[in-house]
1. Out of LYS9, LYS35, LYS45, report the one residue that is surrounded by 11 or more Cβ atoms within 10 Å (Cβ to Cβ), of a type in the set (Lys, Arg), more than 22 Å from LEU94 (Cβ to Cβ) and not assigned by TED's automatic domain parsing to the domain that holds ILE98.
2. Assess whether LEU70 counts as being outside any helix (DSSP H, G or I) and at pLDDT 90 or above.
3. Looking at (1) part of a loop (DSSP other than H, G, I, E, B); (2) hydrophobic (A, V, I, L, M, F, W, C); (3) more than 28 Å from ARG5 (Cα to Cα), which is the only condition PHE112 fails?
4. Being part of a helix (DSSP H, G or I) and surrounded by 13 or more Cβ atoms within 10 Å (Cβ to Cβ) narrows it down to one residue among GLU106, GLU76, GLU99, GLU61; which is it?
5. Please indicate, with yes or no, whether at least one residue in the range 56-74 is more than 28 Å from LEU26 (Cβ to Cβ) and of a type in the set (A, V, I, L, M, F, W, C).
Amino acid sequence: MSQERLIKKYANRRLYDASQSRHITLDDIRNLIVKGEKIKVVEDKTGHDITRHILLQVIAEQEQFGRPILSTKVLEAIIRFYGNSMQGFLASFLERSIETFLSQQEMLQAQFSKIVANTPFATVAEVTERMRESMLNALMPKRDKGHDEDGKNS
């Protein structure tokens, strides 16, 4: 993963991706995050880091459509923890839970890849690729350098 991508937020509420010299939307930021990019959003005039604020906006936008991840009950519980002596505990618990979930997801994907690699499907895919390459080579023979289409020296 590369370094943080700097996003500036202007007074007119527009977001500007400094690395690509273009204005972007919250959906563009979501796509960057999904791809694994690290971002940092700052207020243009003050330089204050507002990354968390923008990420919360992205989450709020996503929660409005489709099936939300955070139910009303979960949101109410989170709100109750603010200012509570257990606020820090909840934050670290949620962070560790997400890290564990991601780790388990990676392990399952690796195991699934191993299973698929050792099945007849992998063999069939490999044989099919070889056949495709053979057919392409037969249909489009390689031409020697320095010869035209009739095989004469150029």
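The values are calculated or read from the model by the stated rules, or taken from the named source; none is laboratory data. Everything numeric in this text was worked out from a predicted model, so none of it was measured. Ideal geometry is used to build each Cβ from the backbone, glycine not excepted, and the neighbour counts take in all protein chains shown.
1. LYS9
2. Spelling it out, LEU70 is indeed outside any helix (DSSP H, G or I) and at pLDDT 90 or above.
3. It fails just one condition, (1).
4. GLU61
5. No; the residues of the range 56-74 include none that is more than 28 Å from LEU26 (Cβ to Cβ) and of a type in the set (A, V, I, L, M, F, W, C).
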